[in-house]
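Encoded as structure tokens, the structure appears first; notes follow it.
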Amino acid sequence: MPPPSAISHVLELCLYVKDIQKSNTFYTSILGLQPEELKPAILKERMSVFPVGNTTILLFTLGQTNEDVYPIPSQPDLCVPKHGPEEKVMKALVEGGEQLRQHYCLAVETKAEALQWEKYLKEKGVECHGKMEWPRGGYSVYFLDPDGHVGEIASRGIWAHW
């Protein structure tokens, strides 16, 4: 039996962060992303939501997603399951200074735009840790966010579909 329908796109990308405010500052003031307002406001300590085209970048505070959430107590079959690093991994991340180094890539149309981003990031004091000219003509620049996640800004030409 085939799948019931085609998958249209990746809706959410999740990154785990140690300091949600520090990460929010990076994603808003450096990358220029605008957070979606969360209700209730208490969620701001747990997570941040950044719409990017048809995708959403979710920042979750480490340790805030390790229990199932039942948002409607009268409907216990509705549940957001726990996710994120296991306890021993989280302890190493928080107490031991280890990093997950998750990766994400943000798209721009042209190589010129990617090169402009590379210059901009350097001007903002963000160290660029790598760059790549791809066989299909694309260009990528790599950088680290405050938690050591590896961000990439890439132009068309890195994949057959992009």
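The values are calculated or read from the model by the stated rules, or taken from the named source; none is laboratory data. Fair warning: this is a prediction, and the values are worked out from it, not measured in the lab. Every residue, glycine among them, receives a Cβ derived from its backbone with ideal geometry; neighbour counts consider all protein chains shown.
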Handout entry: Residues of the range 142-162 satisfying the condition of being part of a strand (DSSP E or B) and in contact with a Gly (Cβ under 8 Å, 6 or more places away or on another chain)
Key = Y142, F143, L144, A154
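Residue-by-condition table, conditions (1) assigned by TED's automatic domain parsing to the domain that holds Y120; (2) assigned to a loop (DSSP other than H, G, I, E, B); (3) crowded, with 16+ Cβ neighbours inside 10 Å:
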| position | (1), (2), (3) |
| --- | --- |
| M1 | no, yes, no |
| P4 | no, yes, no |
| S23 | no, no, yes |
| Y27 | no, no, yes |
| K39 | no, yes, no |
| L43 | no, no, no |
Practice task
Would you tally the residues in the range 104-116 being surrounded by 14 or more Cβ atoms within 10 Å (Cβ to Cβ) and small (G, A, S)?
Solution key: 2
Problem - Enumeration of residues in the range 106-162 that are more than 16 Å from the chain's Cα centre (by Cα) and of a type in the set (D, E) - result: E109, E113, E118, E123, E127, E133
Exercise for the section: Can you tell me which residue among I153, I57, I158, I72 is loosely packed, with under 12 Cβ neighbours inside 10 Å and either of a type outside the set (D, E, K, R) or not assigned by TED's automatic domain parsing to the domain that holds V17 (or both)? Expected result: I72
Problem - Of all residues making up the range 116-135, the number that are of a type in the set (F, W, Y) and part of a loop (DSSP other than H, G, I, E, B) - result: 1
Fill in the blank from the handout: In the range 10-32, anything among the hydrophobic types (A, V, I, L, M, F, W, C) and either farther than 18 Å from G125 by Cβ or over 12 Å from the mean Cα position of the chain (by Cα) (or both) is listed as V10, L11, L13, C14, L15, V17, I20, I30
Exercise for the section: Scan the range 66-110 residue by residue and report those that are more than 16 Å from H149 (Cβ to Cβ) and of a type in the set (S, T, Y). Expected result: Y70, S74, T110
Practice task
Looking for whichever is surrounded by fewer than 15 Cβ atoms within 10 Å (Cβ to Cβ), under 23 Å from S29 (Cβ atoms) and not aromatic (F, W, Y) here; the options are R136, R101. Which one fits?
Solution key: R101
Completion exercise
Note on L78: of the conditions (1) at pLDDT 90 or above; (2) surrounded by 11 or more Cβ atoms within 10 Å (Cβ to Cβ); (3) within 27 Å of A154 (Cα to Cα), unmet is (3)
Exercise for the section: Scan the range 89-102 and give yes if some residue there is in contact with a Ser or Thr (Cβ under 9 Å, 6 or more places away or on another chain), part of a loop (DSSP other than H, G, I, E, B), in contact (Cβ under 8 Å) with a residue 24 or more places away in the chain and at negative phi, otherwise no. Expected result: no
Practice task
Any chance you could count how many residues in the range 61-85 are part of a loop (DSSP other than H, G, I, E, B) and closer than 23 Å to L100 by Cα?
Solution key: 12
